[in-house]
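The values are calculated or read from the model by the stated rules, or taken from the named source; none is laboratory data. Note that this is a predicted model, so its numbers are computed, not measured. Cβ atoms come from the backbone with ideal geometry, glycine included; neighbour counts cover every protein chain shown. Quick note on the areas: whole protein, heavy atoms, side chains included, nothing else; ligands and nucleic acids left out. Shrake-Rupley method; radii C 1.70, N 1.55, O 1.52, S 1.80 Å.
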Amino acid sequence: MTHNLHNSLINVPERKIIILDTTLRDGDQSPGMAFSAHEKLEIAILLERLGVDIIEAGFPASSRGEYNIVREITSQIKNSIISVMARSIPGDIEKAAGAIKDSVKKHLHLTMATSPIHRKYKLNKSKDEIIKMAADSVKFAKSFADSVEIGAEDSTRTEFNFLCEFCIAVTEAGADVVNISDTVGYSQPDEFFRLIKNLRKHVHAFGSGSAVISVHCHNDLGMATANTLSGILAGASQAETTLLGIGERAGNAAMEEVVTALNIRKNYYSVSTGIRSELFPEAARLISRVNAIRVHPCKPVVGSNVYSHSAGIHQHGMAMNDETYSIIKPAITSTSRFILSRHSGLKGLKEKIKQISGIELNDKDAKVIYSQFKKEADKKKSISSTDILKLLHNKGILKSSIWSIKKIYYFDVKSSEKHEFSVFLELINQDGMEKKANAVGMTKWEAIIKALKLAFHFDIKIIDFSSSLFADESALSERLHIETEFEGNIYADESFGSDSLVLFVESYLNIVNQIIVRYQFTDSV
Ligand code: MN
């Protein structure tokens, strides 16, 4: 009976890989992270929208709070299957079962360590005792759930013969899924491939398809995604992932990496998933925000540098054909794909100008602008879109006048009753027109955003805003990233400097100036 739940997910013409996302369980165990109830619910709702087959919601026996959070998630999620983890002991299983009892589709995920080091130092149990506990737990859990999974913790450091014995015992006891875990990120892709292949050969239930192999890989040696893909290639039908690869220590296989590899290299893997990959940027922003961690710019699929090109040769290629130096199409259209620096060539500059202003320069104008750009680029680390638009206006190519900061200052008022920030902002354009705005807020950010909205009346929605500080003994520098949406288009900007408020306004103006030019707004906006 319980096999049907998984079989119904797999039995499609193209072999389908079930994604069990464990952001809310393994991800929640990342050092320094523990999601609040509200954050967990927000993430669960996004996971369901992403099309995750099984959402691992938590470890109910770990605390009363965790139990209640899982109950809340269960009441809100109707399409995805809810999984909870339990150790292979009756008390844990009962708590886990209680937490998901109202779920439409229930999945219990038991765990039992199998490697020699875990048997000896953690469990102090013999092989026979471990097999008996695991099989008994599976039988007990079956009465509470639609499907039961049991993980052999530290599978990759377990003797192969014992791992086979374990898999045979738990599948005979009724386990629908066996999780082969590279718990400490020890395995290498080729080795992991052979492990899964050999388990399918030696464990009848895997060969016949009456039980499913799941793979759960950690990233200690940077192999989590590679091992997961190797496991799938060897016949695993379920992959356990987290968003952004968060998780214990170096984390888990990242869902966005695994799914994108399966999509881009469909010719190689011949499998599909039900994941809506266009939601990855939104998912990355959410996880980044709730953890207050910045996504590394080079992080595959979702990093801010991934769709950007800086070298002149690459910009030239990309301007001609966007498959020359990139295999993944961005899920969103961002106007910041070319980063201009002294590495940029004429073709890259022309393309960037097209991206930020919609203007296609003729060769004569392009050469003039390019020589001025090169002079600026030798002086600065990177050239902003405002810098470029100013050059175009000065040459008479652009009518719209470009705004920059004339003066900005703020102070905070702190008393026993309140703490408020006041911002005064003065802007000037190249024709000498000025705008002044002042505003008050609970934070300096709230105040500055209010002031900018007073200065420019169009509806720019800030969808992502993060800053990272870097310090040495004598100085502090900051990298600021903002992403905004205006009329369905994404405008992103990144800046470096020492004063975050100034950086924010400069980035905002980079975006405002592009919008003014693109929509040919007049200066009275
Ligand atoms: Mn894990």
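Observations on the model:
- Flag for GLY247 being part of a loop (DSSP other than H, G, I, E, B), open to solvent by less than 50 Å² (accessible area, probe 1.4 Å), in contact with a helix residue (DSSP H, G or I) (Cβ under 6 Å, 6 or more places away or on another chain) and not polar (S, T, N, Q): yes
- Selection status of TYR325, under 29 Å from the mean Cα position of the chain (by Cα) and open to solvent by 70 Å² or more (accessible area, probe 1.4 Å): yes
- Within segment 148-174, restricting attention to residues that are assigned to a helix (DSSP H, G or I) and over 25 Å from TYR121 (Cα atoms), the residue that is nearest to the ligand (Cβ to nearest atom) is THR171.
- Any hit, segment 246-256, residues being away from the ligand (no atom under 16 Å from the Cβ) and at pLDDT 95 or above: yes
- For segment 175-192, filtering for residues that are away from the ligand (no atom under 16 Å from the Cβ) and either buried (at least 21 other Cβ atoms within 10 Å of the Cβ) or acidic (Asp, Glu) (or both) leaves 4.
- Considering only residues in segment 28-59 that are modelled with pLDDT of 95 or more and touching a Gly at 6+ places or on another chain (Cβ under 7 Å), the one that is nearest to LYS105 (Cα to Cα) turns out to be ASP53.
- Residue in segment 258-271 that is out of contact with any Cys (no Cβ under 6 Å at 6 or more places or on another chain), within 16 Å of the ligand (Cβ to nearest atom) and open to solvent by less than 40 Å² (accessible area, probe 1.4 Å) present: yes
- When ILE100, ILE117, ILE77, ILE93 are checked against the criterion of being open to solvent by 10 Å² or more (accessible area, probe 1.4 Å) and of a type in the set (A, V, I, L, M, F, W, C), ILE117 stands alone in meeting it.
- Of the residues SER30, SER62, the single one that is without any contact (Cβ under 8 Å) to a residue 12 or more places away in the chain and either within 16 Å of the ligand (Cβ to nearest atom) or open to solvent by 10 Å² or more (accessible area, probe 1.4 Å) (or both) is SER62.
- If only residues of segment 206-231 that are in a strand (DSSP E or B) and over 19 Å from the mean Cα position of the chain (by Cα) are counted, the one that is farthest from the ligand (Cβ to nearest atom) is VAL212.
- Some residue of segment 211-228 being over 16 Å from ASP154 (Cα atoms), at pLDDT 95 or above and open to solvent by 50 Å² or more (accessible area, probe 1.4 Å): yes
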